[in-house]
Amino acid sequence: MEYLEKFIDFNKTELLIFDCDGTLMDTVWAHYKAWNDTYSLLGCVFVSNQEFVDTYAGTSGDELVKVLNHQLNYCLDVKKAIALKDEIFVKNYINKVKPFEKTLNIIKKYYGVLPLIVASGGETEVIRKMLAINNLTKYFVDIITINDVKLGKPEPDLFLEAAIRHKVAPENCLVFEDSEAGFQAARNANMKFIDIDKFEGKSFINEINGSIKSDSFIEYKIYELRNAFSTHSNIMFDKIFKEINAVFLILDSGLSKEQIYMINNFFDKFKIKYNSIIFESGEENKNITNVIKLITILDDFGVQRRSQPIVAIGGGVLTDLAGFVASIYRRGIPCIKIPTTLMGYIDASIGIKTGINFNQNKNRIGSFASPLCCILDSTFLRTLPDRELINGVGEIIKLGVIKNKYLFELLENHGVTSITDKFQNLLGRDILNISINDMIEELKYNFLELDLERIVDFGHTFSLVIEMSDDENLLHGEAVAVDILISSIIAFNRNLISISELSRIKELIKKFGLPISTKLSANKLYNSLQERVLHRDGYQRVPLPNGIGNHVFVNDINIDEISLALKNLNTFNRE
Ligand SMILES: NC(=O)c1ccc[n+]([C@@H]2O[C@H](COP(=O)([O-])OP(=O)(O)OC[C@H]3O[C@@H](n4cnc5c(N)ncnc54)[C@H](O)[C@@H]3O)[C@@H](O)[C@H]2O)c1
């Protein structure tokens with residue numbers, strides 16, 4: 001479990017503090033039920049499960065009852081309500097709660113290495129009982145609860161009490177938490193903290209010439225190797241192909257003769273056997289018919305199951321489709337992805353999503369499948385037409401607006417010359433590296449999309465119908481640009497961004513010649529949003545900019561708001 005060492009500077013960390021409910025123990029559901037039972041026994045209606053999870057998980061019982069008394073005009077006796085709730089919790093639910101596996105793994109790993117403490121907003125008796133039932137008491141040198149301090153989270157008292165009792169400076173404590181109240185308490189205590197929900201890791205994606213590293217339970221390598229296929233260099237052979245005797249090459253029809261010659265030459269030189277096919281690229285070919293065709297070809301060639309990886313060299317369509325075939329053929333064969341378009345380079349090839357379009361829907365069929373590795377060679381971009389480069393820029397603008405102001409400014413100042421130079425100059429390569437880093441940072445804790453609030457979905461709410469519409473005839477990144485603008489107008493109408501920030505976003509999109517309007521109606525865009533609600537499991541979860549470089553998620557965009565944004569877009573474009 002060396003992954004935690006990335007977060008812990010062992011020279012400076014002296015105490016590990018674990019929140020209990022939601023971090024160590026899977027109790028939120030049980031607390032909700034116990035509160036719900038309590039409130040109904042007292043003749044009051046309690047909040048919904050969702051509201052409890054979103055707003056009150058991590059809040060002390062004392063605070064919760066007081067807030068609800070105030071908000072819902074109840075006059076429950078705080079102490080009595082808490083006592084009743086604890087009684088119900090202990091009687092009906094405590095035997096059923098279990099620890100979270102991943103937290104337990106951390107605890108077992110660091111037990112005996114560092115002192116471990118539980119600091120919880122719960123009552124002493126309840127917390128102790130829960131730990132005892134699950135045989136966890138032995139791991140902790142101390143258990144601090146709300147009964148030991150004056151104020152619960154988000155006040156820092158619980159964590160500071162731990163630091164004082166064990167004579168450790170707050171900055172040398174590391175807190176494991178799951179709720180915003182807990183994070184705030186750690187901040188208030190001047191302690192480092194880890195959001196346990198985003199902490200999935202067991203191992204690394206490692207290496208990109210040392211510049212990109214990432215944590216997750218998914219493991220594969222990403223290499224940045226310029227001129228990877230040059231026969232003057234052994235780097236790619238030594239790093240990747242040394243142990244591989246044969247490969248199955250799938251080459252993008254957009255590659256030049258010289259590029260294909262160079263690729264073949266590489267495998268000839270290093271005496272690696274290869275079969276190859278040219279895949280006719282284009283979104284219309286990302287379909288089930290071509291999946292079957294490819295599987296038939298693999299069968300006819302007699303590809304070896306483990307030792308002859310597919311090497312997919314091409315745009316996002318090719319790497320998505322080849323990755324999908326690799327993930328289902330014989331229940332999964334290895335695949336190496338080498339993107340040759342900007343979209344592939346900064347997005348499509350570096351994650352673990354594969355897919356094909358189906359029934360007029362983008363990526364309706366697909367899988368999560370990590371490649372054997374991904375090789376990033378930006379010299380392929382030299383032959384990419386400008387429209388395809390600009391298409392990829394749509395995704396980079398997305399990252400700039402929603403996550404990284406510095407990237408946004410880099411695009412404002414050097415984006416257009418980077419297109420002219422096909423991203424071969426230093427600033428262009430900076431833009432690529434920052435984008436990949438940002439993208440990996442977003443993917444690495446959430447490869448399987450267990451958390452459906454993803455900021456990389458910015459620009460991907462309305463773009464689905466825009467991209468699939470025959471009226472518009474837009475590429476993926478072009479449709480994303482239109483969506484970015486519509487979403488930014490919605491953000492502006494909600495006072496999340498200023499008029500000057502909105503203008504900067506529009507000007508940046510315009511600067512690249514990306515589209516800034518749509519012929520689609522508000523109804524069609526709303527349908528796209530509804531489809532996203534299905535995809536995002538019942539909630540809109542739309543990321544909107546909150547100033548340039550920051551975000552919020554919203555769940556309440558309605559059709560009137562979309563109509564207004566479209567109207568604003570037209571006026572805005574006439575100005
Ligand atoms: N899996 C993911 O996470 C993910 C993320 C983003 C996008 N995507 C998918 O990626 C696809 C879009 O990818 P794309 O924009 O690369 O499109 P694409 O694969 O269709 O490639 C665009 C065009 O460029 C040509 N081409 C490829 N390499 C070239 C080169 N070096 N020189 C000249 N021409 C070249 C191709 O033949 C094609 O005509 C979409 O289907 C989208 O859904 C997937």
Boolean, residue 272 is among the β-branched types (Val, Ile, Thr), more than 27 Å from the chain's Cα centre (by Cα) and either more than 15 Å from the ligand (Cβ to nearest atom) or not assigned by TED's automatic domain parsing to the domain that holds residue 363 (or both): yes
Scan the stretch 288-306 and give yes if some residue there is more than 12 Å from the ligand (Cβ to nearest atom) and closer than 19 Å to residue 263 by Cα, otherwise no. no
Condition first: of a type outside the set (Asp, Glu) and near the ligand (Cβ under 6 Å from one of its atoms). Now tell me which residues in the stretch 330-361 satisfy that. 340, 341, 343, 344, 348, 351, 353
Filter pass, residue 194 being hydrophobic (A, V, I, L, M, F, W, C) and either buried (at least 17 other Cβ atoms within 10 Å of the Cβ) or not in a helix (DSSP H, G or I) (or both): yes
Is it fair to say residue 422 is at positive phi, more than 12 Å from the chain's Cα centre (by Cα) and within 11 Å of the ligand (Cβ to nearest atom)? yes
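The values are calculated or read from the model by the stated rules, or taken from the named source; none is laboratory data. Not measured: the values here are computed from a predicted model. Heads up, the Cβs are rebuilt from the backbone with ideal geometry, glycines too, and the neighbour counts pull from every protein chain shown.
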